[in-house]
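Participant: Here's a structure for you.
The values are calculated or read from the model by the stated rules, or taken from the named source; none is laboratory data. The shown structure was predicted, so the numbers you read here are calculated from the model rather than taken from an experiment. Here the Cβ positions follow ideal geometry from the backbone for every residue, glycine too, while neighbour counts run over all protein chains shown.
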Amino acid sequence: MQKKIPQRQCMGCRERKAKRDMIRVVRQPDGTVSLDFGGKMNGRGAYICPMAECLKKAQRSKALERSLEVTIPEEVYDRLSKEMEETDNG
C-alpha cells in the first residue's frame, strides 16, 4: 500500500500541495512569527508555496495574518521573499 503524502493549502493561491514542497510560517506560543523549514516548530502554522506570486497574494489579502491570528512583521515577509529568490536561483 502506498503511503499517504500530507497535503497543505497555500495561503496565496489556495491550492493543495505536498507539505514538504511548501514553506511553513509559524506563530510560536510566545507570539513571535518565524519561518519553519523543518516543519517541527511548536506553534500554529500556515503554509505558502515557494513562489513570489503566492507570497504577494497572501500579503495583499492578509491570509497569513488571518490564519495565524497575529500581525506579521514586514521582516518576515522580507525573509520569505529572500528565501524564495534563493530557491529560484539555487
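Participant: How do the pairs read when you match residues in region 1-18 that are surrounded by fewer than 10 Cβ atoms within 10 Å (Cβ to Cβ) with residues anywhere that are basic (Lys, Arg), using Cβ under 6 Å and keeping only pairs 6 or more apart or on different chains?
Facilitator: Pro6/Lys19
Participant: Give all pairs with beta carbons closer than 7 Å in which a residue from region 36-60 that is within 12 Å of Met22 (Cβ to Cβ) meets a residue that is among the polar types (S, T, N, Q) and outside any loop (DSSP other than H, G, I, E, B); count only pairs at least 6 apart in sequence or on separate chains.
Facilitator: Going by the 7 Å Cβ cut-off, the qualifying pairs are Ala46/Ser67; Tyr47/Gln9; Pro50/Thr87; Leu55/Ser81.
Participant: Residues in region 53-61: is at least one of a type in the set (Ser, Thr, Tyr), modelled with pLDDT under 95 and surrounded by 10 or more Cβ atoms within 10 Å (Cβ to Cβ)?
Facilitator: Taking every residue of region 53-61 in turn, none turns out to be of a type in the set (Ser, Thr, Tyr), modelled with pLDDT under 95 and surrounded by 10 or more Cβ atoms within 10 Å (Cβ to Cβ).
Participant: Within the chain, considering only helices (runs of 4 or more DSSP H) that don't extend past its boundaries, which have at least 3 residues that are of a type in the set (D, E, K, R)?
Facilitator: 52-61, 74-89
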